[in-house]
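The values are calculated or read from the model by the stated rules, or taken from the named source; none is laboratory data. If you're wondering where the values come from, they're calculated on a predicted model, not measured in any experiment. Here the Cβ positions follow ideal geometry from the backbone for every residue, glycine too, while neighbour counts run over all protein chains shown.
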Amino acid sequence: MVGALPRPFLPLPTAGPIAPRAGPCNPAAMVDYARVQLADLPAAHVATDVVRRLRQAGHQAFWVGGCVRDLWLGLQPKDFDVATSARPEQVAQIFRHIVEVGVAFGVVRVRHALPQAGIHQVEVATFRADLGYSDGRRPDAVAFTDAEQDVLRRDFTINGLLLDPMDLTAQGAQVVDWVGGLADLQADLLRAIGEPQQRFAEDALRMLRAPRFAARFGLRVDQKTAQAIQEQAPQLARVSVERISSELQAMLTAPSASTALRLLADLHLDRVLWPELCAADPGLLRCQNSFKALHNQEVGAPLLGMLAVPEGAQWPLALAVLHQPLRPVRPADLGRSLKLSRPHTQQLAAIWQLADALAQPVSDPEAIRHLRQDWADHALRLLLACAPESPHASWWHAQRQRRAATPKAHWWPVLAVTGDQLLQAGLAPGPAFRTALAAAEDAQLQGGDAATALDAAKAAYARVSG
Ligand code: ATP
Ligand code: MG
């Protein structure tokens, strides 16, 4: 593959003749090519059109980063990012609808529509080099440069690939690789671009991205890269909570979470992130098992007419599994320390509360009152993931199945007994009223009819009011 194929669609400004040259990433050759098939996805068509429009205006433009890596691996990209020689103000002249997400860094989001592909957002970033990292978090300044410099500032070789969607043959579109990413993908290797020590000193978050990508794609972490992470792991503490949380969310909600946790421990990042957890669970071994179990659980599609398993809350559920060994933990404290959104904090609290309520079998009406709550399936998944050997595991499993198979009307029956009926039956309003109404609903939840429910209400009222 080395340098033998034709040059990309537009000549790169500072690339010079394609010849092997010495460099930190791939000493044998610095430009490599491959062809990959483009995905026939609406977002891909929109991203191609964004490149076309930039080219028509005289700029260079390529797909870059994760989308190229995913296509090479035969996976469907989540989104498509474009890198271009156009400055943000030039991008703004070409596209009418843009959102400025980081103009200082040359990043804008283009909302672009195509007749058959609909509206999609594509992140368009000007080729840049990052200048100086005095705080170990973000560049002090950036300089707009060329495509090659732009890929050199990226984190890992597999994330440093460019793709020219306009250079399309039967074999696919041209991928341009300045960093040895293609060779590393072929060798199942995750490797920092450039000198790992320096790259992690610039931005310590990159260290946390390593286990995420290595686990997700089944890669080995290159030895020099791994050693640099082990040495600099404590520097992760300098990174903002928001950036760490967002990486952890991507890592722990993925099916590869358990492998990522193993790698985190191998790379000595676990003790920086979670010292207390490591004391309770050295090497995060129990935690790895819990995440393996969590992601192996069946998550059925909600059936019409059944209780919904709400989408979302995967992050609160992952946090609940992660922190289960440290309980009791106050969700509000955890939410504050991780800067969780308010809905996520509330979902975490609800999952834990329901898990506590369902930790052991309870009477059926009581179980139903818990099981019909929104996050009950998540709570059962938490219990099964963290305590698969519990004597109650088969009951938890049965409750999940029952929740998925029982129509909604069973969980929320139309109440057969109302307050008015109790008044008509001669009961006086007061605290015992609520108990009476709950007893009526319990009777219905156990299959009783209206008359049985009313009898149950009266009996409960009589019991409570003495
Ligand atoms: P995913 O599919 O998980 O989104 P991705 O590769 O698209 O994977 P992003 O976090 O969306 O990852 O980042 C987009 C690209 O930006 C990366 O592929 C990489 O080239 C670059 N990048 C992101 N974060 C960093 C960083 N901290 N340092 C250097 N380059 C980065
Ligand atoms: Mg991405």
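If only one of Leu263, Leu273, Leu248, Leu269 is modelled with pLDDT of 95 or more and in contact with a strand residue (DSSP E or B) (Cβ under 9 Å, 6 or more places away or on another chain), which one is it?
Of Leu263, Leu273, Leu248, Leu269, the one residue that is modelled with pLDDT of 95 or more and in contact with a strand residue (DSSP E or B) (Cβ under 9 Å, 6 or more places away or on another chain) is Leu263.
Looking only at region 270-309, which residues are of a type in the set (Asp, Glu), touching a helix residue (DSSP H, G or I) at 6+ places or on another chain (Cβ under 8 Å) and assigned to a loop (DSSP other than H, G, I, E, B)?
Asp281, the sole residue that qualifies.
Can you tell me which residue within region 69-80, out of those that are of a type outside the set (A, V, I, L, M, F, W, C) and outside any helix (DSSP H, G or I), is farthest from ligand 2 (Cβ to nearest atom)?
Step by step, filter region 69-80, then rank; the result is Gly74.
Looking for something in contact (Cβ under 8 Å) with a residue 24 or more places away in the chain, closer than 17 Å to Trp274 by Cβ, under 21 Å from the mean Cα position of the chain (by Cα) and within 16 Å of ligand 2 (Cβ to nearest atom) - is there at least one such residue anywhere in region 225-238?
Looking through region 225-238, none of the residues is in contact (Cβ under 8 Å) with a residue 24 or more places away in the chain, closer than 17 Å to Trp274 by Cβ, under 21 Å from the mean Cα position of the chain (by Cα) and within 16 Å of ligand 2 (Cβ to nearest atom).
For region 134-159, which residues satisfy the criterion of being within 16 Å of ligand 2 (Cβ to nearest atom) and aliphatic (A, V, I, L, M)?
Within region 134-159, Val151, Ile158 meet the criteria.
Which numbered condition in (1) touching a helix residue (DSSP H, G or I) at 6+ places or on another chain (Cβ under 6 Å); (2) within 13 Å of ligand 1 (Cβ to nearest atom) is the only one that Gln197 fails?
For Gln197, the failing item is (2).
Filter region 239-255 down to the residues that are within 16 Å of ligand 2 (Cβ to nearest atom) and among the hydroxyl-bearing types (Ser, Thr, Tyr) and list them by number.
Selection gives Ser246, Thr253.
If you go through region 336-359 one residue at a time, do you hit one that is among the small types (Gly, Ala, Ser), surrounded by fewer than 20 Cβ atoms within 10 Å (Cβ to Cβ) and touching a Leu at 6+ places or on another chain (Cβ under 8 Å)?
Yes, some residue in region 336-359 is among the small types (Gly, Ala, Ser), surrounded by fewer than 20 Cβ atoms within 10 Å (Cβ to Cβ) and touching a Leu at 6+ places or on another chain (Cβ under 8 Å).
Out of Val122, Val142, Val151, Val179, I need the residue that is over 28 Å from Gln232 (Cβ atoms) and either of a type outside the set (S, T, N, Q) or within 11 Å of ligand 1 (Cβ to nearest atom) (or both). Which one?
Within the list Val122, Val142, Val151, Val179, the selection yields Val122.
Pull up region 81-94, narrow it to residues that are in contact with a strand residue (DSSP E or B) (Cβ under 6 Å, 6 or more places away or on another chain) and under 20 Å from Leu163 (Cβ atoms), then point me to the one that is farthest from ligand 2 (Cβ to nearest atom).
Taking the candidates together, the pick is Val91.
Any chance region 208-226 includes a residue that's touching a Lys or Arg at 6+ places or on another chain (Cβ under 8 Å), of a type in the set (S, T, N, Q) and either within 10 Å of ligand 1 (Cβ to nearest atom) or not assigned by TED's automatic domain parsing to the domain that holds Ile98 (or both)?
yes
Any idea which of (1) modelled with pLDDT under 95; (2) among the polar types (S, T, N, Q); (3) over 12 Å from Val46 (Cβ atoms) is the one Gln116 doesn't satisfy?
(3)
If we keep just the residues of region 44-64 that are of a type in the set (Gly, Ala, Ser) and more than 17 Å from Thr145 (Cα to Cα), which is surrounded by the most Cβ atoms within 10 Å (Cβ to Cβ)?
That would be Ala47.
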